[in-house]
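Accompanying notes for the structure given below.
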Amino acid sequence: ADAAALNAALSADGFAELSVAGETLRVEKDFVELRISAKEGFAAAMENNLFTILDTTITPELLSEGIAREFVSKVQQIRKSMDLAMMDRIRIAYAGDDAVRAAVAAHADYIAKETLARALAEGEADSRWDLNGHDTGIAISKA
């Protein structure tokens, strides 16, 4: 049977009729359980006959953005531990692998805006952090 047509009939009428081996069978809605399964790399859900399908593939761009967001989070934690005022401008020095350097370069404007950084450069970093599996040094100072 066509799954969409079967679901529509069950929703509208509370039953559906199926032809099996030349015989018509009435299938009540209470006897049917609908399940959704998605192909690898996708997630699917259904509620009130509305389907949502998400592509869960992690692209290099998403990985880079994730590193940048973690970088911002760690800088904010350091700011807090230093008792800096929320509006204090800062300078950020960092040390990391190629992925971290690429992510910081690609998202430098975002990082500067979110952290109120006047300077963002590679350099000596006194605290070490794990940014999505990348060992990264970060140091901040008040500008």
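The values are calculated or read from the model by the stated rules, or taken from the named source; none is laboratory data. Worth saying up front: this structure is predicted, and the values here are computed from it rather than measured. When we count neighbours, we look across all protein chains shown, and the Cβ atoms used for this are built from the backbone with ideal geometry, even at glycine. We work out accessible area using only protein heavy atoms, side chains counted, and drop any ligands, DNA or RNA first. Shrake-Rupley method; radii C 1.70, N 1.55, O 1.52, S 1.80 Å.
Where strands (runs of 3 or more DSSP E) fall wholly inside region 2-61, the ranges with 2 or more residues that are of a type in the set (Gly, Ala, Ser) and within 35 Å of the chain's Cα centre (by Cα) are 42-47.
Condition first: on the phi > 0 side of the Ramachandran plot and in contact with a strand residue (DSSP E or B) (Cβ under 7 Å, 6 or more places away or on another chain). Now tell me which residues in region 15-43 satisfy that. Within region 15-43, just GLY41 meets the criteria. What pairs come up if the first residue lies in region 130-142 and is at positive phi, the second is surrounded by 12 or more Cβ atoms within 10 Å (Cβ to Cβ) and not in a loop (DSSP other than H, G, I, E, B), and their beta carbons are under 6 Å apart, counting only those six or more places apart or on different chains? Going by the 6 Å Cβ cut-off, the qualifying pairs are ASN132/GLY66; ASN132/ILE67; ASN132/GLU70.
The residue that is most open to solvent (accessible area, probe 1.4 Å), among those in region 65-81 that are of a type in the set (Lys, Arg) and free of Cβ contacts under 8 Å to residues at least 40 places away in the same chain, is LYS80. The set of residues in region 44-64 that are surrounded by 12 or more Cβ atoms within 10 Å (Cβ to Cβ) and touching a strand residue (DSSP E or B) at 6+ places or on another chain (Cβ under 7 Å) comprises ALA44, ILE53. Restricting attention to region 90-122, the residues that are in contact with an Asp or Glu (Cβ under 8 Å, 6 or more places away or on another chain), buried (at least 17 other Cβ atoms within 10 Å of the Cβ) and in a helix (DSSP H, G or I) total 1. For region 128-142, the count of residues that are of a type in the set (A, V, I, L, M) and closer than 30 Å to ALA4 by Cβ is zero. Residues of region 83-129 that are touching a residue at least 40 places away in the same chain (Cβ under 8 Å) and on the phi > 0 side of the Ramachandran plot: none at all. Tell me which of these LEU84 doesn't satisfy, since it passes every other one: (1) open to solvent by 50 Å² or more (accessible area, probe 1.4 Å); (2) assigned to a loop (DSSP other than H, G, I, E, B). Of everything listed in (1) open to solvent by 50 Å² or more (accessible area, probe 1.4 Å); (2) assigned to a loop (DSSP other than H, G, I, E, B), LEU84 misses just condition (1).
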